[in-house]
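Visitor: Before I ask anything, here is the structure I am working with.
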Amino acid sequence: MICDKHHVTQDEARQATWELPYRCLIPPPLARALKHPLLMPYNRLVVLVLAANLALAYAARRTWWSGHTTNLHAISHFALANLTLAILMRQQLLINLLFWLATRAPTTWPLRIRSTLGKVYHFGGLHVGAAIAGTLWFVALAGSQTYSAAIKHNAVPAPHLAISLALAMLLVTIVVTALPPLRERFHNIFERTHRFAGWAVLALFWAQTVVSAADGPSGVSQVWARPSVWVLAVLTISIVLPWLRLRRVQILVERPSSHTALTSFNYGMTPFAGSSMPISLNPLLEWHSFANIPSPGRPGFRLIVSRAGDWTRSLIDNQPSHVWVKGIPVAGVASIVKLFTRVVWVATGSGIGPVLPHLLAQQVPAQLVWPTRSPRATYGDALVDEILAVQPNAIIWDTTARGKPDMVRLADEAYSAFDAEAVICISNKKLTWQVVHGLERRGIPAYGPIWDS
């Protein structure tokens, strides 16, 4: 977006059909179109990765596919390159690095730059685009090998073909189960397929590398001279690393209501505000991430768990004494708050969890908007009083007494009254997207989780 440095006043903005925090040279209809949910940065990154791979395939069509000859090694390398990008974009250390780099921008920089950096959490588009592209490359590789074996007997050794076909089937299965409609409806199947099929894919990649080396002139003894081996070594370390920190830890569960559990952890780690940690009752089957709530000057942290399915129901009702944790705290969308001078937090229900550590830290002037049902009855007097102690002017909307508000309007009014630079919304998927895209179409920098993992 090409913009000049002239900033309109809020009154001027409210009179405009297309409202922006700064005057833009892009025509208003085009600017509105660019804010459509389908064109959010996440989807743009998916398209960018796929387009780059398509351009590469088109450019190499004459050299890689010529008559009955196919450059199988080149196709294999590009399949591995894409899958490497897909896997690394889920590595916890790399995710934290991306957030750290994006939030280094000082608040004196123009808002248009900082608001763009705030979209760093859309990096998952690279993961999805690379996973799809890598799978397509591998399907092309398996198809080419099958074709070569059919027209030229012994052109592709049977072990190579068998491993390639198995890899292609597993990768397609992973991609299909990750499609949003299937992932949302069968989340447990999606999670277990990603985990176990992913491990199987890694093992088969190693097997394919060893088999290929054994068929070469130098044999298996020179396998470490292959670049693909070092790439696989990096991927293996990336996948194994979080599991090296697997531990069973003690927790304290308080249940202020049948809807909510407040869990406390103190096993020698105090995470940073804006991070999350996965916890599990069975580490091989199911993991759930929740926002960490550290308190200034106190060790350990808390989590807020609301009844939203079988797993959360079990934790709230059974109140286990121990859970499993793995990996390190990972930055989330709330971490971008440090890019702005003043923010409005919009949280509904247990969405207060990711917001609370930032309110307690009081590093950035903020206004809280928290619609929730019967806040004291649901979350307890202690938690509500803790919020009011640091946010005496918080807008706590009791939906039981007042009904559900127009969230876009409520957030817009708070944004204007507080003279904020951005709105960060933490809610369920439907409402988060409604608020974020509704505010963006009004020219207000808005952010919220995108549920891409």
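The values are calculated or read from the model by the stated rules, or taken from the named source; none is laboratory data. Values in this document were obtained by computation on a predicted structure and should not be read as measured data. Don't worry about glycine lacking a Cβ; one is built from the backbone with ideal geometry, like all the others, and counts go over all protein chains shown. Heavy atoms of the whole protein, side chains included, go into the accessibility calculation; ligands, DNA and RNA do not. Shrake-Rupley method; radii C 1.70, N 1.55, O 1.52, S 1.80 Å.
Visitor: Which of the residues spanning the stretch 441-453 are open to solvent by less than 20 Å² (accessible area, probe 1.4 Å) and at pLDDT 90 or above?
Guide: I444, P445, A446, Y447, G448
Visitor: From the residues in the stretch 94-108 that are part of a loop (DSSP other than H, G, I, E, B) and not polar (S, T, N, Q), which one is least open to solvent (accessible area, probe 1.4 Å)?
Guide: Narrowing the stretch 94-108 to residues part of a loop (DSSP other than H, G, I, E, B): 103-108.
Pick out the ones that are also not polar (S, T, N, Q) and you get 104-106.
Numbers: R104: 117, A105: 9, P106: 54 Å².
Checked the stretch 94-108; the qualifying residue least open to solvent (accessible area, probe 1.4 Å) is A105.
Visitor: If the Cβ limit is 6 Å and pairs must be 6+ apart or interchain, which residue in the stretch 303-318 that is closer than 13 Å to S257 by Cα and without any contact (Cβ under 8 Å) to a residue 40 or more places away in the chain pairs with which residue that is of a type outside the set (S, T, Y) and surrounded by fewer than 19 Cβ atoms within 10 Å (Cβ to Cβ)?
Guide: The qualifying pairs are R313/R307.
Visitor: Also, I was wondering about something else. So which residues in the stretch 295-310 are buried (at least 20 other Cβ atoms within 10 Å of the Cβ) and either more than 21 Å from the chain's Cα centre (by Cα) or at positive phi (or both), if there are any at all?
Guide: F301, R302
Visitor: From the list L241, L284, pick out the single residue that is under 30 Å from L80 (Cα atoms), out of contact with any strand residue (DSSP E or B) (no Cβ under 8 Å at 6 or more places or on another chain) and open to solvent by 80 Å² or more (accessible area, probe 1.4 Å). I'd like the intermediate steps shown before the answer.
Guide: Numbers: L241 fails: open to solvent by 80 Å² or more (accessible area, probe 1.4 Å).
None of the other options fit; the residue is L284.
Visitor: Could you check, for the stretch 62-77, whether at least one of its residues is part of a helix (DSSP H, G or I) and closer than 29 Å to Y447 by Cβ? Give the derivation first.
Guide: In the first step, residues of the stretch 62-77 are kept if they are part of a helix (DSSP H, G or I); the result is 62-64, 72-77.
Subset that is closer than 29 Å to Y447 by Cβ: none.
No, the stretch 62-77 has no match at all.
Visitor: For T341, indicate whether it is at pLDDT 90 or above and assigned to a loop (DSSP other than H, G, I, E, B).
Guide: So T341 passes the test.
Visitor: Oh, and also: Could you list all residues from the stretch 152-174 that are in contact with a helix residue (DSSP H, G or I) (Cβ under 7 Å, 6 or more places away or on another chain), open to solvent by 40 Å² or more (accessible area, probe 1.4 Å) and either assigned to a helix (DSSP H, G or I) or under 24 Å from S280 (Cα atoms) (or both)?
Guide: P159, L165, L170, V172, T173
Visitor: Moving on to the next point. Of all residues in the stretch 401-453 being touching a residue at least 40 places away in the same chain (Cβ under 8 Å) and more than 20 Å from A334 (Cβ to Cβ), which is farthest from the chain's Cα centre (by Cα)? Working first, answer last.
Guide: Restricting attention to the stretch 401-453, the residues satisfying the condition of being touching a residue at least 40 places away in the same chain (Cβ under 8 Å) are 407, 410-411, 414-428, 431, 433, 435, 437, 440-445, 447-450, 452-453.
Then drop every residue that is not more than 20 Å from A334 (Cβ to Cβ), which leaves 416-417, 419, 441-443.
Values: S416: 29, A417: 31, D419: 29, R441: 23, R442: 25, G443: 24 Å.
Looking at the filtered set, the residue picked out is A417.
Visitor: Within the bounds of the stretch 293-307, is there any residue that is aliphatic (A, V, I, L, M) and assigned to a loop (DSSP other than H, G, I, E, B)?
Guide: We begin by selecting, within the stretch 293-307, every residue aliphatic (A, V, I, L, M); these are 293, 303-305.
Still in the list and also assigned to a loop (DSSP other than H, G, I, E, B): none.
Checked against the condition, which is being aliphatic (A, V, I, L, M) and assigned to a loop (DSSP other than H, G, I, E, B), the stretch 293-307 yields no hits at all.
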